[in-house]
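The values are calculated or read from the model by the stated rules, or taken from the named source; none is laboratory data. Computed from a prediction, not measured in an experiment: that's the story for all the values here. Cβ sites come from the backbone with ideal geometry, for glycine too, and all protein chains shown count toward neighbours.
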Amino acid sequence: MKYNNVFLGLGSNIADRKKNIQDAINYIKQNNKINILKFSSLYESPPWGYKNQENFYNQVIEIETDLDPYELLIFVKSIEKAMGRQTIIKWGPRNIDIDILIFWDIIIKGDFLNIPHRYLLNRCFWLVALNELNDNLNILGKNVKVLLEREQDRDSIKIVC
């Protein structure tokens, strides 16, 4: 059985943001095909895309799984649904968002799934958390630490815990 290392990004900006992220992690822990290896700190960041909303809490977790990328996508979307996520505005407020950021060395460009995540290099809050977990990580041939050094928004990302 082949296990792949995967980085998942979790975010919330509705109600108890910290609890929402913890609840999503608890759902992930219930899947016997997933083992959580590491947790980044919990970060607060300004909204990305649609700006007229509350700040987000964000966290990245590193997992290992024998699920393929599409099985994992179906699983994380089922968690969002179980937690009552509704999309009213693109990039708008949400109680939970779970994104597959990196799935080992796999590259997928599709209608429903892009790995690495299509906006990964544009979202400083993910780069900060990924750098915390593994500062030697390369994303599309670029070192996360180097990418983060170029980010002008990194001062807007605050550690919550």
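Please indicate, with yes or no, whether at least one residue in region 24-31 is without any contact (Cβ under 8 Å) to a residue 60 or more places away in the chain, surrounded by 17 or more Cβ atoms within 10 Å (Cβ to Cβ), hydroxyl-bearing (Ser, Thr, Tyr) and not in a strand (DSSP E or B).
Looking through region 24-31, at least one residue is without any contact (Cβ under 8 Å) to a residue 60 or more places away in the chain, surrounded by 17 or more Cβ atoms within 10 Å (Cβ to Cβ), hydroxyl-bearing (Ser, Thr, Tyr) and not in a strand (DSSP E or B).
Looking at ILE98, is it surrounded by fewer than 22 Cβ atoms within 10 Å (Cβ to Cβ) and either farther than 21 Å from ILE34 by Cβ or aliphatic (A, V, I, L, M) (or both)?
Judged against the criteria, ILE98 is not a match.
Within region 1-56, how many residues are over 15 Å from the mean Cα position of the chain (by Cα) and among the β-branched types (Val, Ile, Thr)?
2
Identify the residue in region 12-23 that is of a type outside the set (Asp, Glu) and part of a helix (DSSP H, G or I) and, among all such residues, is farthest from ASN95 (Cα to Cα).
GLN22
Can you say whether TYR119 is among the hydroxyl-bearing types (Ser, Thr, Tyr) and modelled with pLDDT under 95, as far as the supplied structure shows?
yes
Regarding region 94-102, can at least one residue be identified that is modelled with pLDDT of 95 or more and assigned to a helix (DSSP H, G or I)?
No, region 94-102 has no match at all.
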